[in-house]
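Read the figures in this text as sums done on the coordinates, not as results from a lab. What you see is a predicted model; the values in this text were computed from it and never measured. A quick note on method: Cβ atoms are made from the backbone with ideal geometry, for glycine too, and the neighbour counts reach across all protein chains shown.
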Amino acid sequence: MDKTVEFIEKTSGGFKPEIAIILGSGLGELADEYCDIAIPYSEIPGFIKSTVKGHKGRLVFAEIYGKKVVMMQGRNHFYEGHTMQEITYPVKVMKKLGVETFILTNAAGAVNETYKPSDLMILKDHINCMGTNPLIGPNDETLGERFPDMSEVYKKELRELAKKCAHELSIDVKEGVYLANSGPCYETPAEIHMARLFGADAVGMSTVPEAIVANYCGLRVLGISCISNAASSHNGDKLSHAEVIETTNKAKAKFKSFILKIIENL
Ligand code: HPA
């Protein structure tokens, strides 16, 4: 960890980020437009390379509206075969770099039948159905406690701020519960039926591990999903990663202006 932090601090010229953003599938463009310094994950000691198409795999530093922001352009997933500890390592690194606010984004399937592709959803809460937990293992007391509270992972003040930003931009933002499965397969209709009965509004394969670790570390978390498709049960079409990327591409201008407005108002 010391080696990772030292390398990033040196390579970024002592950049002290206050906000970290993980940019999900097809949502990485913000880091192309706002990029003062970029470091590929492959060069960072302790980081792993992303293996998924549509995920770039670099850390991008930029000053936006006078705020120091670090963006993860692409993330690693549990379904790639990495451990929970590996995929959440960058979150702990962000904490050590001095980040206070963590914005997690993703592409997700709609479980709520009123949601449409390209809708944006603020995460109100999550359900971890990944079958494991990133905090399993010896606990580092310098980061957080053994049995951390998870009663407000996605901070209410940040959700309210995001809703205000959406309103100012005339974006009809949703607020709902995100359920994470391990993937990599999409869900069966029966699984989506179950997710609906559980109270989920959207389903995906990421975000929950990072949100758990960020909350554990005392970071303020905001989560935003870009609804990329109807999850498997409520239309007869087959799902593909291409469709997910295509929809996030269509929604990316809206998504970008939303994130920028949030940064401006943080
Ligand atoms: N299911 C799981 N993950 C996803 C989906 C989905 O329908 N869409 C985008 N990521």
*Helix 189-198: angle to the longest alpha-carbon principal axis of the chain, degrees 0 to 90, nearest 10?*
70
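Report, in debye and to the nearest 20, how large the dipole of the range 98-208 comes out about its Cα centre when Lys and Arg carry +1 and Asp and Glu carry -1 on their Cβ. Display every interim value, and only then the final one.
Numbers: 10 positive and 17 negative charges, 48 e Å.
Dipole magnitude for the range 98-208 comes out near 240 debye.
Do the alpha carbons of any pairs in LYS116/LYS155; LYS3/LYS174; LYS56/LYS95 sit beyond 30 Å of each other, and which pairs?
On the way: LYS116/LYS155 25 Å; LYS3/LYS174 41 Å; LYS56/LYS95 22 Å.
Table pairs above 30 Å Cα-Cα are LYS3/LYS174.
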_Quick check on the range 96-158: take the gyration tensor over C-alpha atoms, sort the square-rooted eigenvalues as a ≥ b ≥ c, and tell me if it's rounded (a/c under 1.5), prolate or oblate._
prolate
*Helix 84-97 versus the longest principal axis of the chain: what angle, 0 to 90°, nearest 10, using Cα atoms?*
50
*asked:* Just to confirm the filter: which GluC sites (Glu not before Pro) across the range 98-169 are DSSP coil and have at most 14 other Cβ within 10 angstrom of their Cβ?
replied: GLU100, GLU113, GLU141, GLU145, GLU152
*Taking the Cα atoms only, what angle lies between the long axis of helix 156-168 and the longest principal axis of the chain, rounded to 10 degrees?*
70
*Of CYS165, MET150, PHE102, which is farthest along the charge dipole of the chain in the positive direction, counting Lys and Arg as +1 and Asp and Glu as -1 at C-beta?*
CYS165
*Ordered by residue, what ³J(HN,Hα) values in Hz, to whole numbers, does the range 253-261 give under the Karplus form 6.51 cos²θ - 1.76 cosθ + 1.60, where θ = phi - 60° and Gly and Pro are x?*
5, 5, 4, 5, 5, 5, 4, 4, 4
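Filter the trypsin sites (Lys or Arg not before Pro) in the range 77-163 to those in DSSP coil with at most 10 other Cβ atoms within 10 Å of their Cβ, and list the result.
On the way: sites: LYS92, LYS95, LYS96, LYS124, ARG146, LYS155, LYS156, ARG159, LYS163; in loops: ARG146, LYS155.
Filter output for the range 77-163: ARG146.
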*Hey, rough spin-label estimate for LYS3 and GLU29, points 7 angstrom out along Cα→Cβ, what's it come to in nanometres?*
3.8
